[in-house]
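Here is the structure we will look at.
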Amino acid sequence: MIDSHCHLDHEPLFKNINDVILSSKNEGIEKLLTICTTKESFVNILKIIKIDEIIFGTFGIHPHETTDNILKKDEIIKSITNNKKIIGVGETGLDFYYNNSDKKSQIKSFKNHIEASMDLNIPLIVHSRSAEKDTYEILKHYNQKKNLKILMHCYTGSSDFAKKMMSLNAYFSASGIITFKNSFELQLTFKEIPLNRLLIETDSPFLAPVPMRGRKNEPSYIKYTLEKLSNIKNIEKAKLDKITTNNFNSLFFN
């Protein structure tokens, strides 16, 4: 298994990092991708990726943080090229649900991240909430210039949006949300997404899956998401494990 999206710099994961890594390995996790959300986050991520060979990282600014923190394309490129274990751009994207940052700054930041990922030819980790039309139109525009490597993180969008993103050859990461009782529509959407486009994630310490809801999430809980996704896709858990692992490695290391 590979946790394609976690936040090891967040508490309580950061202060218990050695235990988190041990429990991850005990559950058979091969890689952990810890995702950057702020400049301060990146400082700790650079420390975390040195702790164990299974940990990799990204660099980017979350859409919630863009009002006062818009990274320039060259700044993103420089920060990533300085470390071989930083393998993705993001978390970036658009969130018009909370609007913690104004739309204009979110869109500008998103475009800078996209252009950096194009120049680096590495995956773009996309957060999209209540912004399907804008997210798709922006990515479609850039994809016409160069095929992007897109990962729709913690996908909770509509079936129609998924189909549009499939036309851009995007990957979709399933989180613990697919285990929730009220996620029937999302489960149907994941049933339609091709196996070769699927990844799994925890988004820990957030969104703990059933039966761990109410607890702080951690990477080792990814087994519950994998099990639920295997039921949705009507495929053996071990086979889906291999598929999602191969998909991650194909996206990030080819």
- Message: Any residue that is closer than 23 Å to Leu251 by Cα, touching a residue at least 40 places away in the same chain (Cβ under 8 Å) and in a helix (DSSP H, G or I) - is there at least one of those in the stretch 18-37?
- Response: yes
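Test of understanding: among Ile87, Ile76, which residue is touching a helix residue (DSSP H, G or I) at 6+ places or on another chain (Cβ under 7 Å), surrounded by fewer than 23 Cβ atoms within 10 Å (Cβ to Cβ) and within 17 Å of Val126 (Cβ to Cβ)?
Details: Ile76 fails: surrounded by fewer than 23 Cβ atoms within 10 Å (Cβ to Cβ).
Sole residue among the options that is touching a helix residue (DSSP H, G or I) at 6+ places or on another chain (Cβ under 7 Å), surrounded by fewer than 23 Cβ atoms within 10 Å (Cβ to Cβ) and within 17 Å of Val126 (Cβ to Cβ): Ile87.
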- Item | Whichever residue in the stretch 223-254 is out of contact with any strand residue (DSSP E or B) (no Cβ under 9 Å at 6 or more places or on another chain) and of a type in the set (Lys, Arg) and, among such residues, is farthest from Arg197 (Cα to Cα) | Lys223
- Out of the residues in the stretch 215-254 that are surrounded by fewer than 18 Cβ atoms within 10 Å (Cβ to Cβ) and out of contact with any helix residue (DSSP H, G or I) (no Cβ under 9 Å at 6 or more places or on another chain), which is farthest from Met1 (Cα to Cα)? Lys216
- In the stretch 59-111, which residue that is assigned to a strand (DSSP E or B) and either of a type in the set (Phe, Trp, Tyr) or in contact with an Asp or Glu (Cβ under 9 Å, 6 or more places away or on another chain) (or both) is nearest to Glu30 (Cα to Cα)? Phe59
- Could you tell me which of the residues Ser158, Ser173 is farther than 19 Å from Ile114 by Cβ and either of a type in the set (Asp, Glu) or touching a residue at least 12 places away in the same chain (Cβ under 8 Å) (or both)? Ser158
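Is it the case, given these coordinates, that Phe56 is farther than 14 Å from Lys39 by Cβ, at pLDDT 95 or above and not in a strand (DSSP E or B)? First the steps, then the outcome.
On the way: farther than 14 Å from Lys39 by Cβ: yes; at pLDDT 95 or above: yes; not in a strand (DSSP E or B): no.
For Phe56, the condition - farther than 14 Å from Lys39 by Cβ, at pLDDT 95 or above and not in a strand (DSSP E or B) - is not met.
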- Message: If I ask for residues that are assigned to a helix (DSSP H, G or I) and of a type in the set (Ser, Thr, Tyr), which ones from the stretch 112-162 would you list?
- Response: Ser117, Thr135, Tyr136, Tyr142, Ser159
- Message: Please go through the stretch 22-44 and give me each residue that is surrounded by 21 or more Cβ atoms within 10 Å (Cβ to Cβ) and either farther than 24 Å from Ile150 by Cβ or polar (S, T, N, Q) (or both), ordered by number.
- Response: Ser24, Thr34, Thr37, Ser41
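The values are calculated or read from the model by the stated rules, or taken from the named source; none is laboratory data. Just so it is clear, the model here is predicted, and its values are computed rather than measured. Glycine also receives a Cβ, built like all others from the backbone with ideal geometry; neighbour counts cover every protein chain displayed.
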